[in-house]
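Right, one structure below, let's go through it.
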Amino acid sequence: MKTIIEPFRIKVVEPIRMTTGAEREQILAEAGFNLFLIRAEDVLIDLLTDSGTGAMSSLQWAGIMRGDELYAGAKSWYVLRDKVREITGFEHVLPTHQGRASERILFELVGGKGKVVPNNSHFDTTRANIEHTGAKAVDLVIEEGRQPTSRYPFKGNMDLTKLEGLIKEVGPQNIPLVMVTVTNNSGGGQPVSLENLRAVRKLCDRYKLPFFLDACRFAENAWFIKQREPGQQDRSVREIVREMFTLADGATISAKKDGLVNIGGLLLLRDAGLVRRADELLILTEGFITYGGLAGRDLEAMAQGFEEVVHEDYLQYRIRSTAYLGEKLLAAGIQIVEPPGGHAIYIDAKHFAPHIPPQRFPGQALVVGLYRHAGIRAAEIGSVMFGQGTPPPMELVRLAIPRRVYTQSHVDYVVEAIIEVFGQRDRLRPLEIVAEPPTLRHFTARFREL
Ligand code: F0G
């Protein structure tokens, strides 16, 4: 069959509501044209993030009822630990409330002034947690990963020459670990090949460096490997996932992505000394080592989520439905980061609104235009988000797809709306910032339309 369907029936529904054009004008003005500052109930289709916004399955909800809420050694903890051991092969599993809590613990232990952490592309919380310790975060994605129109199949790959160059330049003693983010969120949700992960492992061995994964979207990455990497077609996603984790000495995971839950995270480690120190920090700020700031029911939902996310009918549907959105936009002449990523489509806003210069925020203008026209919420990833540091090479708008939430007709509506906005793109209005905080301004800055 040609049509790839949603591999589930819908048992519970949550109504969404369309606002009028006049209401949206008022909402935009009151929020200072910042979509982070509007109420979710005023959004028709919310593509702000794929993080924690997914729908849980009936078995996950059953797990919520089964959750064991006793303080230490709860049954639910062992269910989660055993599932994570089965999927990843990691013996030491630390639960946390979300990805950045894992990052905070890890980099408090290995970061510090004078240290340098390479990654293909650091996600902003990873970078912030590294820099918070005084260390430096360096992005070393391959050149193809910076070109929106390159169709290279693994645009998330680490540039091995640059990585070795950096190790030699700053000295291996100043690199506490090498990290690779799968898939590469900041670079368009692009995957990393198994070949590249193996090569990073080898390089780390040569310089005796630990190798960590930021594995938020590990299953989506494994699906791309199965589809695109020569020699991987006959392996199961489970096997590929296992190999990805086996190559690493540790991993930080936000379970709000491929854990298919609304809250939760993990820190996976091999080094027993590091585990002991991480346990101490976990107890200090997250919670005891068998719940890490989560309720027992959250642990159950996570365990079931990690099981369901490696199901291949789910992954086929997931990756195909993201590509479907991307292909429709491309066919209408709208430039996106190609090929479509796993969890999101990134529109090239410079191409979409060439009449708006970066300092007038073309990405934000498009985000505002999409909400104004159709009640859709997307996220700017360009000069608003990064403009307080080095100006970004690309002005992007991310349409992140929540897992198992929207149907194909929702996506068709989104496509139609974007094409209509594209048809009248000269009406998108440049913006000026009227108030901003000193850091991470995209969350709270207020704008004025020019
Ligand atoms: N690493 C990556 C690659 C991420 O995409 C995120 C979150 C994190 C770490 C942090 O995890 O939110 O659970 O603390 N990304 C979300 C997003 C917020 O919208 O892309 P967290």
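The values are calculated or read from the model by the stated rules, or taken from the named source; none is laboratory data. Everything numeric in this text was worked out from a predicted model, so none of it was measured. Every residue, glycine among them, receives a Cβ derived from its backbone with ideal geometry; neighbour counts consider all protein chains shown.
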- prompt: Which ranges mark the strands (runs of 3 or more DSSP E) fully within the range 200-283 that have 1 or more residues being under 28 Å from ASP50 (Cα atoms), charged (D, E, K, R) and within 15 Å of the chain's Cα centre (by Cα)?
  reply: 211-214
- prompt: Which condition number does SER254 fail, the rest of (1) under 30 Å from SER57 (Cα atoms); (2) in contact with a Cys (Cβ under 6 Å, 6 or more places away or on another chain); (3) away from the ligand (no atom under 15 Å from the Cβ) being met?
  reply: (3)
statement: Of the candidates ARG429, ARG377, the one satisfying the condition of being under 18 Å from the mean Cα position of the chain (by Cα), among the charged types (D, E, K, R) and modelled with pLDDT of 95 or more is ARG377
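Conditions tested, residue by residue: (1) in contact with a strand residue (DSSP E or B) (Cβ under 7 Å, 6 or more places away or on another chain); (2) surrounded by 18 or more Cβ atoms within 10 Å (Cβ to Cβ).
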| position | (1), (2) |
| --- | --- |
| ARG270 | yes, no |
| LEU299 | yes, yes |
| ILE319 | no, yes |
| ALA331 | no, no |
message: When you scan the range 354-363, do you find a residue that is crowded, with 24+ Cβ neighbours inside 10 Å and within 21 Å of the chain's Cα centre (by Cα), even just one?
response: yes
message: Regarding the range 140-155, can at least one residue be identified that is touching a residue at least 60 places away in the same chain (Cβ under 8 Å), away from the ligand (no atom under 16 Å from the Cβ) and part of a helix (DSSP H, G or I)?
response: yes
message: Any residue in the range 254-272 that is closer than 14 Å to CYS216 by Cβ sitting within a Cβ distance under 8 Å of a residue that is among the acidic types (Asp, Glu) and near the ligand (Cβ under 10 Å from one of its atoms)? List the pairs, counting only those 6 or more apart or interchain.
response: LYS257/ASP50
- line: Checking LYS202, LYS256 in turn, the sole residue that is more than 17 Å from GLN304 (Cα to Cα) and of a type in the set (Lys, Arg) turns out to be LYS202
- request: Please find, among ASN120, ASN129, the residue that is within 16 Å of the ligand (Cβ to nearest atom), under 17 Å from the mean Cα position of the chain (by Cα) and either closer than 18 Å to VAL170 by Cα or surrounded by fewer than 19 Cβ atoms within 10 Å (Cβ to Cβ) (or both).
  value: ASN120
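To keep it simple, each residue is scored yes or no on (1) in contact with a Pro (Cβ under 9 Å, 6 or more places away or on another chain); (2) in contact (Cβ under 8 Å) with a residue 40 or more places away in the chain; (3) outside the structural domain of GLY250 (by TED's automatic domain parsing); (4) crowded, with 21+ Cβ neighbours inside 10 Å.
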| residue | (1), (2), (3), (4) |
| --- | --- |
| GLU41 | no, no, yes, no |
| LEU70 | no, yes, no, no |
| SER76 | no, yes, no, yes |
| GLY89 | no, yes, no, no |
| HIS92 | no, yes, no, no |
| ILE105 | no, yes, no, yes |
| LYS115 | yes, yes, no, no |
| THR125 | no, no, no, no |
